[in-house]
């Protein structure tokens, strides 16, 4: 395999390892170890990944090799940290990821454990979060970030060469982010801890990123009435869009409404896979070549796909909404995502349980990662809007 294929296989292995542990957790609520078959598969995948790691080192540039070495060093640190907890019969150890003003041994750096950086555990690349173009993620925010929102547009004036330019008032509305505690439990097999050739650090980061990706996609795309953080589609009133006739024109008109309201930018459309398949097979108009989705664009606009766009129920389980006859509902979300701000606030903590009865029986170590996240929709605060509803996001129930 070439370098790219090896990297993709490495990620696939991490996914398979995570799935094995997740399956065991769901089956027995984490009360016992993997089955013999699962243990054999787990060990086989770890061995394969260690071979892939060696092959990647042989193909790596000097810069890539330095990153690989850094990951291996962090894996060794993390492994020693976990081993120390197991050997010393310590559990419920709370570590922070930033040094304390008065060192007390509770920061992860002071403890000698590996330091996890927020930009590593929270991948802000679009493919890492699975979020639309335009979404920004600000990390390491201290306190509640305040945005100055320009209420009145400033217009250019034509004036004489020595004429005094009129001063235009700019009013600002301070918008505070409201953050909510976000936690996830990360189970790590003691076999993975003991296997020195396995990239334990990459595995831990993969599991955190996977959980955060699900969290963000669920909250951002769904229009469920969530407790805590809410995405923009949960704040709007859904309209309806009949795509049984002139679908291309209707989608363009729906997107153009943002410009009519004074919002610039390219809207991003979100649909489910069913709608994507329909639009890939639907001509723009009769007798005119070209489909509504072609060249990676939907009606000439960027788009993303997520089943969460159909989710209307506040639950951790994925549920598609259905109508009175039991048929699945399909929704289309359109948004200018520059008006959604995602922020990670303050410190991160890691509480590690290595020796409680439940964890010991499952032959693993469980670390609970915690931080605070805020989601703030900004378009409801500008242009003199009094409705409190987002102006840069729209949601439509589709009919075909």
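The values are calculated or read from the model by the stated rules, or taken from the named source; none is laboratory data. Keep in mind it's a predicted model, so treat the numbers as computed, not measured. Note that we place each Cβ from the backbone using ideal geometry, even for glycine, and neighbour counts take in every protein chain shown.
In the range 282-295, the qualifying residues are those that are within 20 Å of residue 254 (Cβ to Cβ) and in a loop (DSSP other than H, G, I, E, B), and the one that is farthest from the chain's Cα centre (by Cα) is 282.
To keep it simple, each residue is scored yes or no on (1) more than 22 Å from residue 5 (Cβ to Cβ); (2) modelled with pLDDT of 85 or more.
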site	(1), (2)
56	no, yes
61	no, yes
71	no, no
74	yes, no
81	yes, no
84	yes, no
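Of the helices (runs of 4 or more DSSP H) entirely within the range 118-237, those holding at least 2 residues that are modelled with pLDDT under 65 occupy 118-121, 126-129. Kindly indicate whether residue 21 is touching a strand residue (DSSP E or B) at 6+ places or on another chain (Cβ under 7 Å), surrounded by 13 or more Cβ atoms within 10 Å (Cβ to Cβ) and either modelled with pLDDT under 90 or not in a helix (DSSP H, G or I) (or both). Answer is yes for this residue.
In the range 259-278, the residue that is nearest to residue 307 (Cα to Cα) out of those that are at pLDDT below 85 and in a helix (DSSP H, G or I) is 259.
Checking residue 248 against (1) under 19 Å from residue 343 (Cβ atoms); (2) assigned to a helix (DSSP H, G or I); (3) touching a strand residue (DSSP E or B) at 6+ places or on another chain (Cβ under 9 Å), only one condition comes out false. Which one? Tallying (1) under 19 Å from residue 343 (Cβ atoms); (2) assigned to a helix (DSSP H, G or I); (3) touching a strand residue (DSSP E or B) at 6+ places or on another chain (Cβ under 9 Å), residue 248 fails exactly one: (1). Can you find a residue in the range 195-209 that is surrounded by fewer than 16 Cβ atoms within 10 Å (Cβ to Cβ) and either within 19 Å of residue 394 (Cα to Cα) or more than 27 Å from the chain's Cα centre (by Cα) (or both)? The answer is yes; a qualifying residue exists. Within the range 296-311, at least one residue is crowded, with 20+ Cβ neighbours inside 10 Å, assigned to a loop (DSSP other than H, G, I, E, B) and modelled with pLDDT under 90.
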